[in-house]
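Right, one structure below, let's go through it.
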Amino acid sequence: MSERYSGQLALVAGGTGGLGRAVALAFLEEGATVVVTYRNPNEFEALRDAAADHAPRLEGHCVDVTNDSAVHQMISSIIAKHGRLDAMTNSVGGYAAGLKLWETDPKVFDQMFALNFYSGYVLSILPSIIDTEANRKAMPQSDFSKWPKPQDIASVILFLCSDDAKLVHGASVRV
């Protein structure tokens, strides 16, 4: 285990999903204290179990990251508690497959828009379709071999949050 992020605090929005879980675990492996947002308490408990010995450095906040006020309140509370926030990544997203866009219920479209666009505005990596269980179920006829693995994207995120990438800022990184 590397201690590259020892003593640092990382916020992983959507930290219990396919990508977020990989990012949160990667930061923990690298020695960081990790705060994740989540919507499902069972998924947070599963992440805590997966973190094993690193679980004492894992903290969760049940928050709707499409709610600007709730996000600002959460970040304020994190800084008040820890005195810092060294890295932040947004891995929130979702996709409702199966229907043509014009057949999609407007509420479902609004939810996808909020998850995939607004959460990036409120917090933000631009991954393509990720090889997760949910995406495989939603698109069973697809070629999964071409989809990036959550762990591979997590490696890119850890690089971008490291001192090695200190000259990279204000960029949208397509992975």
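The values are calculated or read from the model by the stated rules, or taken from the named source; none is laboratory data. Just so it is clear, the structure is predicted and the values come from calculations on it, not from any experiment. Every residue, glycine among them, receives a Cβ derived from its backbone with ideal geometry; neighbour counts consider all protein chains shown.
With the requirement that a residue be in contact with a Lys or Arg (Cβ under 9 Å, 6 or more places away or on another chain), part of a helix (DSSP H, G or I), buried (at least 17 other Cβ atoms within 10 Å of the Cβ) and aliphatic (A, V, I, L, M), what does the stretch 22-56 give you? Scanning the stretch 22-56 gives ALA22, LEU28, LEU47, ALA51. Residue pairs whose Cβ atoms lie under 6 Å apart, separated by 6 or more positions or on different chains, with the first residue in the stretch 84-98 and at pLDDT 75 or above and the second in a loop (DSSP other than H, G, I, E, B), are ASP86/GLN8; ALA87/CYS161; ASN90/SER124; SER91/GLY14; VAL92/GLY14; VAL92/VAL65. One residue stands out in the stretch 66-110 among those that are in a helix (DSSP H, G or I) and of a type in the set (Asp, Glu): the one that is surrounded by the fewest Cβ atoms within 10 Å (Cβ to Cβ), namely GLU103.
Considering the conditions (1) over 23 Å from LEU25 (Cα atoms); (2) at pLDDT 85 or above, GLN111 is excluded by exactly one of them, (2). Of the residues examined, LEU9 is one that is more than 16 Å from SER155 (Cα to Cα) and crowded, with 16+ Cβ neighbours inside 10 Å.
Taking the criterion of being on the phi < 0 side of the Ramachandran plot and over 17 Å from the mean Cα position of the chain (by Cα), the residues of the stretch 24-56 that qualify are ASP49, ASP53, HIS54, ALA55, PRO56. Taking the condition surrounded by 15 or more Cβ atoms within 10 Å (Cβ to Cβ), out of contact with any helix residue (DSSP H, G or I) (no Cβ under 6 Å at 6 or more places or on another chain) and assigned to a helix (DSSP H, G or I), does VAL156 pass? When the stated conditions are applied, VAL156 passes them.
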